[in-house]
Amino acid sequence: MDIDGKGVAKEWRDKIRDEIINCDYRPCLAFILVGNDLPSKTYVRMKERACAEVGVLSKPLYFSEDISELNLLKNINILNNDDTIHGILVQMPLPNHINSQKIINNIDPNKDVDGFHPTNVGKMVIGEDDCFISCTPFGIIKLLEAYQINTKGKHVVIIGRSNIVGKPLANLLIQKNDKYGNATVTVAHSYTEDLTKICKTGDILIAAIGKPNAITIDMVKSGAVVIDVGINYVQNKIVGDVDYDNVSKICSLITPVPGGVGPMTIAALLHNTLQSCKKKI
């Protein structure tokens, strides 16, 4: 059975839109895009469109690929000090001459709606509520809640250890939290031995490695819940990290690609921007 991320995200976005319609404030999200990377441009357009649909104002800032790191930092500082801006999103990846972590570190944590700033990451790790959770892990948690997938005592195997998905998601799932935590979590990666054996022990299997159809049917426990975070382009077609056609035959629930985690990531971004605006007010 498919997990309808698109449908769950729509319900979430509708709640955000209704709240904005019925209030006297307008959240505003600034987008920074450096260079001409086509997928990045596509993602920014999608996010701008989502903002417009719920009533979040957007401020796109486009810079050439040869912008200096110092100049980019100056523009971020301007946004940090602009009270009309509630969220700042820097679209990754950045050109090689720019230190991405340095850029993230210089975003005001109160406007870091992507949830990447060390202050927000640190608060998330120790279980504080007053922080922004990075959008893809947040979206996955909301999907699990929507489908009443209980993580308490379950073995969750996460394949991938990125700062964007794997690490924050693992930290969320081990929290003492009755809604989505209390899981036993294994994080697998490129150096993991016996990967197939480990994956097959997962009651919930989460794939976030960026390799098309890398998770095959022999790696999945029968009846498992499978969350596919991957977005890969193969012959002009979007596919996930999971071999959906075969794995879907043996798992209990699975997120399709597209239409699974992706829409939830954008909904989480809108949610974080609204929360930032409300905190400011």
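Within the range 178-190, can you find the residues that are of a type in the set (Ser, Thr, Tyr) and at pLDDT below 95?
Answer for the range 178-190, where residues must be of a type in the set (Ser, Thr, Tyr) and at pLDDT below 95: 180, 190.
Which of the residues spanning the range 70-88 are without any contact (Cβ under 8 Å) to a residue 60 or more places away in the chain and either within 25 Å of the chain's Cα centre (by Cα) or in a strand (DSSP E or B) (or both)?
Within the range 70-88, 72, 73, 75, 76, 77, 79, 80, 84, 85, 88 meet the criteria.
Looking at the range 29-45, which of its residues are farther than 21 Å from residue 104 by Cβ, within 19 Å of the chain's Cα centre (by Cα) and not hydroxyl-bearing (Ser, Thr, Tyr)?
Listed by number, the list holds a single entry, 45.
Give all pairs with beta carbons closer than 7 Å in which a residue from the range 269-281 that is farther than 20 Å from residue 9 by Cα and in contact (Cβ under 8 Å) with a residue 40 or more places away in the chain meets a residue that is surrounded by fewer than 24 Cβ atoms within 10 Å (Cβ to Cβ) and aromatic (Phe, Trp, Tyr); count only pairs at least 6 apart in sequence or on separate chains.
Listed by first residue and then by second, the contacts come to 277/25; 281/25.
Matching residues to (1) touching a helix residue (DSSP H, G or I) at 6+ places or on another chain (Cβ under 7 Å); (2) surrounded by 20 or more Cβ atoms within 10 Å (Cβ to Cβ); (3) under 27 Å from residue 57 (Cβ atoms); (4) without any contact (Cβ under 8 Å) to a residue 60 or more places away in the chain:
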residue	(1), (2), (3), (4)
90	yes, yes, yes, yes
95	no, no, no, no
100	no, no, yes, yes
105	yes, no, yes, yes
113	yes, yes, yes, no
117	yes, yes, yes, yes
127	no, no, no, yes
130	yes, no, yes, yes
137	yes, yes, yes, yes
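Here are some residues: 53, 65. Which one is surrounded by fewer than 16 Cβ atoms within 10 Å (Cβ to Cβ) and either assigned to a helix (DSSP H, G or I) or under 18 Å from the mean Cα position of the chain (by Cα) (or both)?
Going through 53, 65 in turn, just one is surrounded by fewer than 16 Cβ atoms within 10 Å (Cβ to Cβ) and either assigned to a helix (DSSP H, G or I) or under 18 Å from the mean Cα position of the chain (by Cα) (or both): 53.
What residue, among those in the range 21-45 that are free of Cβ contacts under 8 Å to residues at least 12 places away in the same chain and of a type in the set (Lys, Arg), is nearest to residue 90 (Cα to Cα)?
For the range 21-45, the residue satisfying everything is 41.
Consider the range 206-248. How many of its residues are crowded, with 17+ Cβ neighbours inside 10 Å and not acidic (Asp, Glu)?
24
Quick check on the range 27-55: of everything there that is in contact with a helix residue (DSSP H, G or I) (Cβ under 7 Å, 6 or more places away or on another chain) and modelled with pLDDT under 95, which residue is nearest to residue 84 (Cα to Cα)?
Within the range 27-55, the match that is nearest to residue 84 (Cα to Cα) is 47.
For the range 250-277, what are the residues that are surrounded by fewer than 20 Cβ atoms within 10 Å (Cβ to Cβ) and within 18 Å of residue 114 (Cβ to Cβ)?
Listed by number, the list holds a single entry, 275.
Quick one: would you say residue 171 is crowded, with 18+ Cβ neighbours inside 10 Å, closer than 29 Å to residue 131 by Cα and among the polar types (S, T, N, Q)?
In short, yes.
Any chance you could count how many residues in the range 256-268 are among the small types (Gly, Ala, Ser) and free of Cβ contacts under 8 Å to residues at least 40 places away in the same chain?
Residues that pass the stated criteria total 0.
Find the helices (runs of 4 or more DSSP H) located wholly in the range 96-171 whose residues include 2 or more that are at pLDDT 95 or above, among the small types (Gly, Ala, Ser) and assigned by TED's automatic domain parsing to the domain that holds residue 204, and list them.
It comes to 135-146.
The values are calculated or read from the model by the stated rules, or taken from the named source; none is laboratory data. Since we're looking at a predicted model, the values are computed, not measured. Methodologically, a virtual Cβ is constructed for each residue, glycine included, from the backbone with ideal geometry; neighbour enumeration extends over all protein chains shown.
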